[in-house]
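Trainee: First the structure, then my questions, so here it is.
The values are calculated or read from the model by the stated rules, or taken from the named source; none is laboratory data. Here the structure is a predicted model, which is why all the values come from computation and not from measurement. Counting neighbours? That spans all protein chains shown, and the Cβs are built from the backbone with ideal geometry, glycine included.
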Amino acid sequence: MNASANKVSCLLIMLVLTSSAARAEEILVAVASNFSAPMEQISAVFEEQTEHELNLVFGSSGRLFAQIQNGAPFQLFFSADQQKPQQLEAAGLTVQDSRFTYVTGSLVLWSSNTTLTIEGPDILDSEFTRIALANSTLAPYGRAAEETLAYFNKTEQTRSRWIRGENIAQTFQFVETGNADLGFVAMSQVSSDGEFIRGQGWVVPSDSHKPIRQDVVQIKHESECEACSLFLDFMRSPRVADIVQAYGYRVE
């Protein structure tokens, strides 16, 4: 998209945002833990421009998915994968044609120890006590971590030292606090504008695991949610693309 088209797109979004301010709504939004930092920033911009309010609930995609299946009143679901939104769609629980991929995530092998040099998978051959991975059943970043270990033939030699986080946020906490020497975390948790803001890490090559495509979908309710549609449009804007790319996500 060229600069002129960007300006037109931003202007149209701003016009719609301004016209909706008089009908401010509250939206309950389920968000995968790995996307917490950018979502907080995105929601602040959206709320300032529209006066709509986003009530954000962060957790593992698997747990949020189960809650939605059991009737939790979430209106939007930002998953860390594509499968769970697709399953909700197949079950007839979503608004038609609302699902799309909002970002593709990046996995990092990371340590809070600034004296440790992590330049590749060979660090896994060194002496360490624990390595943290998110629960692969609940968290797509945990599944990507296991796929990465298998790709580099490091599964069996490290398995006895795995420590599981329920989600990527808890996995990060294990490493940040030193309860694990290393851990597979989301790039968004430890970097800004392509630079590590804490600790040391190695960005895992994307071909060592399946793409971490993250889909959002609107959950079907009896009443319409104009603010939901507006926020989904906002998620496709150049302003949001700038925010998420600064956290290491890719926008397709």
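Trainee: Just the residues that are in contact with a helix residue (DSSP H, G or I) (Cβ under 8 Å, 6 or more places away or on another chain) and in contact (Cβ under 8 Å) with a residue 60 or more places away in the chain, please, taken from region 134-149.
Mentor: Those that are in contact with a helix residue (DSSP H, G or I) (Cβ under 8 Å, 6 or more places away or on another chain) and in contact (Cβ under 8 Å) with a residue 60 or more places away in the chain: A134, N135, T137, L138, A139, P140, Y141, E147, T148.
Trainee: Just give me the residues in region 199-244 being part of a helix (DSSP H, G or I) and touching a Leu at 6+ places or on another chain (Cβ under 8 Å), in sequence order.
Mentor: Those that are part of a helix (DSSP H, G or I) and touching a Leu at 6+ places or on another chain (Cβ under 8 Å): C228, L230, F231, L232, F234.
Trainee: Filter region 193-252 down to residues that are over 18 Å from E47 (Cβ atoms), over 17 Å from the mean Cα position of the chain (by Cα), of a type in the set (G, A, S) and at pLDDT 95 or above, then give me how many there are.
Mentor: 1
Trainee: Let me ask something else about it. Are any residues in region 35-83 surrounded by fewer than 22 Cβ atoms within 10 Å (Cβ to Cβ) and among the small types (G, A, S), and if so, which ones?
Mentor: S36, A37, S43, A44, G59, A66, G71, A72, listed by residue number.
Trainee: Name every residue in region 85-112 that is of a type in the set (D, E) and either surrounded by 15 or more Cβ atoms within 10 Å (Cβ to Cβ) or within 19 Å of G248 (Cα to Cα) (or both), in order of residue number.
Mentor: E89
Trainee: Check region 179-198 and report whether any residue there is of a type in the set (D, E, K, R) and either assigned by TED's automatic domain parsing to the domain that holds V57 or part of a helix (DSSP H, G or I) (or both).
Mentor: The answer is no, given that none of the residues of region 179-198 is of a type in the set (D, E, K, R) and either assigned by TED's automatic domain parsing to the domain that holds V57 or part of a helix (DSSP H, G or I) (or both).
Here's the yes/no breakdown for (1) surrounded by fewer than 21 Cβ atoms within 10 Å (Cβ to Cβ); (2) closer than 18 Å to P73 by Cβ; (3) of a type in the set (D, E):
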position: I197; (1), (2), (3): yes, no, no
position: W202; (1), (2), (3): yes, no, no
position: H209; (1), (2), (3): no, no, no
position: E224; (1), (2), (3): yes, yes, yes
position: S229; (1), (2), (3): yes, yes, no
position: V251; (1), (2), (3): yes, no, no
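Trainee: Within region 26-68, can you find the residues that are of a type in the set (A, V, I, L, M) and out of contact with any strand residue (DSSP E or B) (no Cβ under 7 Å at 6 or more places or on another chain)?
Mentor: Listed by number, the residues that qualify are A37, I42, A44, V45, A66.
Trainee: Out of the residues in region 164-179 that are under 17 Å from F196 (Cβ atoms) and among the aliphatic types (A, V, I, L, M), which is surrounded by the most Cβ atoms within 10 Å (Cβ to Cβ)?
Mentor: Looking at residues that are under 17 Å from F196 (Cβ atoms) and among the aliphatic types (A, V, I, L, M), I get I168.
Trainee: If you go through region 157-165 one residue at a time, do you hit one that is more than 25 Å from R63 (Cβ to Cβ) and part of a loop (DSSP other than H, G, I, E, B)?
Mentor: So far as region 157-165 goes, no, none of its residues is more than 25 Å from R63 (Cβ to Cβ) and part of a loop (DSSP other than H, G, I, E, B).
Trainee: Out of F152, F174, report the one residue that is free of Cβ contacts under 8 Å to residues at least 60 places away in the same chain, in contact with a Leu (Cβ under 9 Å, 6 or more places away or on another chain) and not assigned by TED's automatic domain parsing to the domain that holds S36.
Mentor: F152
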